[in-house]
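Below is one structure, written out as structure tokens; comments come after it.
The values are calculated or read from the model by the stated rules, or taken from the named source; none is laboratory data. Computed from a predicted structure; not experimentally measured. Counting neighbours? That spans all protein chains shown, and the Cβs are built from the backbone with ideal geometry, glycine included. The accessibility values were calculated without ligands, DNA or RNA, using every heavy atom of the protein model including side chains. Shrake-Rupley method; radii C 1.70, N 1.55, O 1.52, S 1.80 Å.
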Amino acid sequence: MNVAPEHAGDPVVHAVDEDEFSPRETWLEVVTRWVIQAAVLLLVVMMGVEMIVRSLFGWSLQVTNELGGYALIIITFFGLSSGQAGHAFHRMHLLDDHLSPAGRALLRLLFDSATAVVALLLFVEFTRFTWITWRSGDVAATVLLTPLWLPRLAMPIGAFALSLTLLRTIVGDWRRLRRTRARPTEVAP
Amino acid sequence: MTPELQIILVFLLFLALLASGMAVPFAILLPGIVYLWMQGGMGALHGLGLVSWGSMDSYTLTAIPLFVLMAEFLQGSGVGLRVYRGLSKLVYKVPGGLLQTNIVGCAMFAAVSGSSIATAAAIGKVALPQLTARHYDKRFASGTLAAGGTLGILMPPSIAMIVYGTFTDTSVAKLFMAGVVPGVILTLLFMVYTALAAIYRPGIAPRDAESPPARAILSALVDIVPFVVLIAAIMGTIYSGIATPTEAAGAGCLFSLLISRFLGTLTWREFAQCLRRSALVVSNILFITYAAFVFSYSMSFAGVGEEVTSFIVGLHLNKLQFFVALLILYTVLGAFVESLGMIVITVPLLFPLLGAYGIDPVWFGIVVVVFIEMGQITPPIGINLFVIQSISRGKLADVVLGTVPFHLLMFVLLAMLALWPQLALWLPAHVSH
């Protein structure tokens, strides 16, 4: 496993994976990342307020469990595309030293293609699940009576955003592979 | 294809994808989905929506982004650096000097970060330049940092414990409490060993010629006290039942924001950077956790857990033999599978066995976390080794060899936990509800 010194311990530990062919963060990843950040800040405020009002005044907001769960769903699934674009997902690099640049480029293309298939599958399944929820009119058994399709919508949106980011990654992988075949010594991701 | 062959192939696929460089969450998710499809075709895949919702609509897991953000505030604002400098003055007289600071600093940062990588990186970045300038032994220094960093997941709050608790329906508050005594013991074991090594081999830790003046020590206390108050407040509120771990994390975030603003250098720009970094860290952790749930669902869909349970129960191992089997299993796995991955593939299979052996789930959680700690400094994929090597820009072999004694001390802790389970269970038994 390789970790670039300037990134050691940083969230983007595997920024060493980044090269000229890696997709840059676009408005899609920026928006999803800001949604996550807003959700985290909302959690901080909500949990802090809940703890304070319960300790000092003995009453509860009564929505922290429910909204906390929804926030986590949003953070998890909206985080997929920005995590992919930001190289936040850990990778082992045990094979890298033993492969040629073309071999490494091919492996990345294969892996990203396989993960794109998984992402598309998730998108289809999540869409189906949210659609069924919407049609059934399910609501949360809480004081808010939240229509459940609403928080569940974060799942297909997140999977779709991931699919788009992965498709851009695959395009970059393809360009990297072509370059390594044309000029084998120039690219060493 | 027989069911046994199917499961073996899926595990081999998981290890192969992991080792050959697929991103960890995808390397977990892909075999999980493939196995699910092999068991029930498209019908089984239709369950993915509900499983995904059911696993991630979790109040318990909401503590993870909050603890990560709290650590980012403290690290990004330079408060971590102040604490390290303060500690270096306070432990001046203890043999080992800055090496002791590394261990205590890691233990303290561990008590707010919940992550071993964050702990090793935060203290490593601050410590290594100073250790090099003062001619400390590179190998030993790297060892203290890589091993000290692993305290991040044993000292509460711990992300690994939150994930374990969510998977097994075990109280996270109790797991946090159970980690305190073993965490302190391990810290002390590291410190005692470092002190003895420094006494017998003074060359590894050259002592400063002058002791710090009283004023410097007072200033060091000012640096450290808010940090200690933050740790005490988090643990105190959870222990006393005033707050759940998630609420304590939220309040801890607000408090760390204040500390970082007034004692550190937290600007708006750095605040935004902290948010950005934490968003990326959290996306990785939560994606691994989510993938783990899908993997676990595919195993339970196929009834693998029951089969493994009946197979191991059929071996008629006694408790000690079972523990030794765990030791071998996790030591081997630790060399090849990263931390949360180890929880993913083992806990759903082993957890049903605990009842048969009369093993407390909280105790088992702590033992699993210690095994994971060992995995984080076990080559070839121990991540803390690479974090410290990257910061030091030295040889990986030096870091690996430097951690060997600390690895052995972790075995000592495991033996203590096996002999005296109350080391982990006494404190949680007194958690207020």
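Which fully enclosed helices (runs of 4 or more DSSP H) of segment B:370-426 have 1 or more residues being open to solvent by less than 10 Å² (accessible area, probe 1.4 Å) and over 16 Å from B:Ile153 (Cα atoms)?
By residue number, B:383-392, B:396-419.
Is it true that some residue in segment A:178-186 is modelled with pLDDT under 95, among the β-branched types (Val, Ile, Thr), in a loop (DSSP other than H, G, I, E, B) and open to solvent by less than 80 Å² (accessible area, probe 1.4 Å)? No: zero hits. Every test in (1) within 7 Å of another protein chain (Cβ to nearest Cβ); (2) open to solvent by 10 Å² or more (accessible area, probe 1.4 Å) is passed by A:Leu67 save one, and that test is (1). The numbered conditions (1) part of a helix (DSSP H, G or I); (2) open to solvent by 20 Å² or more (accessible area, probe 1.4 Å) are all true for B:Pro25 except (2). When the test is whether a residue is free of Cβ contacts under 8 Å to residues at least 24 places away in the same chain, over 30 Å from A:Leu145 (Cβ atoms), buried (at least 17 other Cβ atoms within 10 Å of the Cβ) and at the interface with another protein chain (Cβ under 7 Å from one of its Cβ atoms), A:Gly83 passes it.
Filtered by the rule that a residue be open to solvent by 10 Å² or more (accessible area, probe 1.4 Å) and either more than 7 Å from chain A (Cβ to nearest Cβ) or not in a helix (DSSP H, G or I) (or both), segment B:247-258 gives B:Phe255, B:Leu257, B:Leu258.
Is it the case that B:Ser58 is open to solvent by 10 Å² or more (accessible area, probe 1.4 Å) and either more than 16 Å from the chain's Cα centre (by Cα) or at pLDDT 85 or above (or both)? Yes, satisfied.
Filter segment B:1-18 down to the residues that are in a loop (DSSP other than H, G, I, E, B) and over 14 Å from B:Val34 (Cβ atoms) and list them by number. Let's see the steps before the verdict.
To start, the set of residues in segment B:1-18 that are in a loop (DSSP other than H, G, I, E, B) comprises B:1-2.
If the condition is that a residue be in a loop (DSSP other than H, G, I, E, B) and over 14 Å from B:Val34 (Cβ atoms), then B:Thr2 is the only one that fits.
The rows are residues; the columns are (1) more than 28 Å from B:Pro348 (Cα to Cα); (2) at pLDDT below 80; (3) among the hydroxyl-bearing types (Ser, Thr, Tyr); (4) surrounded by 13 or more Cβ atoms within 10 Å (Cβ to Cβ).
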residue	(1), (2), (3), (4)
B:Arg261	yes, no, no, yes
B:Val282	no, no, no, yes
B:Tyr290	no, no, yes, yes
B:Glu307	no, yes, no, yes
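Each row is one residue, and each column tells you yes or no for (1) of a type in the set (Ser, Thr, Tyr); (2) open to solvent by 40 Å² or more (accessible area, probe 1.4 Å); (3) out of contact with any helix residue (DSSP H, G or I) (no Cβ under 6 Å at 6 or more places or on another chain).
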| position | (1), (2), (3) |
| --- | --- |
| A:Val117 | no, yes, yes |
| A:Phe126 | no, no, no |
| A:Trp134 | no, yes, no |
| A:Val139 | no, yes, yes |
| A:Val143 | no, yes, yes |
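Screening the candidates A:Leu121, A:Leu61, A:Leu56 for the property of being outside any helix (DSSP H, G or I) and farther than 18 Å from A:Asp17 by Cβ yields one hit, A:Leu61. Scanning segment B:39-53 for residues that are touching a residue at least 40 places away in the same chain (Cβ under 8 Å) and assigned to a helix (DSSP H, G or I), we see that the one that is surrounded by the fewest Cβ atoms within 10 Å (Cβ to Cβ) is B:Gly40. Suppose the filter is within 19 Å of the chain's Cα centre (by Cα), more than 10 Å from every other protein chain (Cβ to nearest Cβ), closer than 25 Å to B:Ile33 by Cβ and surrounded by fewer than 21 Cβ atoms within 10 Å (Cβ to Cβ); does A:Leu106 pass it? When the stated conditions are applied, A:Leu106 does not pass them.
In contact with a Pro (Cβ under 6 Å, 6 or more places away or on another chain) and either open to solvent by less than 10 Å² (accessible area, probe 1.4 Å) or not aliphatic (A, V, I, L, M) (or both): is that true of B:Phe14 in this structure? Here the answer is yes, as B:Phe14 does meet what is asked. In this structure, is B:Val370 at pLDDT 85 or above, over 22 Å from B:Gly314 (Cβ atoms) and among the aliphatic types (A, V, I, L, M)? Yes: the conditions hold for B:Val370.
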